[in-house]
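To start, the structure itself, in C-alpha cells.
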C-alpha cells in the first residue's frame, strides 16, 4: 500500500486533510493542557502533520506501513523520528498524544478485534490525561464513484470506489501513470476500507479505558462526508 508512485502523488496533491487538520489538533491538545511533549503520529504518510507538530514545539515519532511514505516524511520533517510499522504490530512509545489522521484505522486488516488491541496499546502508552485523536469512515454514502481522474505536471491518477454493503467494505481501485525523465511508469493499487459505526467504535475505545468525544470535525476543520473525528482521553487518576 502506498508504493513509490502513489506515495509521490499523495504527497504532491492529496495532503490537504493532514495540512488542515494538524493545526486544529494542536489547538485541541493545548486546550487539554498538552502544550509540549511527545506526539506519536500513526499513519504519518509523507510527514505533513508531523512537520506541523514539530513547528509547534512537540517532539514527534511518526510511523507508517509504507517505506516510500517514510522516506518522504524524513525529507519533509527532518526533526522528527520515523519508522516503518503497521498498526497491527505497533506498540507506541510513552507519549502525551497519539494522532492518526486520514481514516488510518479503517485500513487496518482484521477489523475491530485488531483495533481493540491497538486501542489498548495506545491507552497504555499515553500518560494520564493523554489524548488519542483520530478520524474514521462511518458511512460509505457519497463515497462511491464510477471513475475520477486527477493530474499533475508529471503524473495522472484514475480511481473508482465501490461498496459491499453486507461486508461493510469500501474498495478503492487506483491506477497511477507517472513520468520520470523520459520514462513513463504505470502502477496500480487496491485499498479496502472497513466501515465502522460510532457505537462500535465508542464501545471499543471505552473498553480500552478511554473517555470518548465524537464529532464531525477537528475544531474548525470539518471532515469530508462520511468521516468523523474522535478525541479519546486517558483518565487522570483521582487523588484520595
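Give segment 75-85 a look and list any residue that's assigned to a loop (DSSP other than H, G, I, E, B) and either surrounded by fewer than 16 Cβ atoms within 10 Å (Cβ to Cβ) or in contact (Cβ under 8 Å) with a residue 60 or more places away in the chain (or both), or say none.
78, 79
Hey, which of the strands (runs of 3 or more DSSP E) in segment 131-230, taking only ones fully inside, have at least 3 residues that are outside the structural domain of residue 31 (by TED's automatic domain parsing)?
Where strands (runs of 3 or more DSSP E) fall fully within segment 131-230 and carry at least 3 residues being outside the structural domain of residue 31 (by TED's automatic domain parsing), they are 145-152, 155-164, 169-180, 183-194.
What's the total number of residues in segment 24-59 that are part of a loop (DSSP other than H, G, I, E, B), touching a strand residue (DSSP E or B) at 6+ places or on another chain (Cβ under 7 Å) and either free of Cβ contacts under 8 Å to residues at least 60 places away in the same chain or closer than 19 Å to residue 84 by Cα (or both)?
Going through segment 24-59 one residue at a time, the tally reaches 5.
For residue 21, are the conditions met, namely being in a strand (DSSP E or B), modelled with pLDDT of 95 or more and surrounded by 22 or more Cβ atoms within 10 Å (Cβ to Cβ)?
Judged against the criteria, residue 21 is not a match.
Restricting to segment 109-130, what's the tally of residues that are closer than 16 Å to residue 40 by Cβ, in contact with a helix residue (DSSP H, G or I) (Cβ under 7 Å, 6 or more places away or on another chain) and surrounded by fewer than 19 Cβ atoms within 10 Å (Cβ to Cβ)?
Here the count works out to 0.
Answer with yes or no whether residue 72 is in contact (Cβ under 8 Å) with a residue 24 or more places away in the chain and farther than 25 Å from residue 208 by Cβ.
yes
The values are calculated or read from the model by the stated rules, or taken from the named source; none is laboratory data. Note that the structure is a prediction, hence the values are computed from the model and not measured. Please note: Cβ atoms are built from the backbone with ideal geometry, for glycine as well, and neighbour counts cover all protein chains shown.
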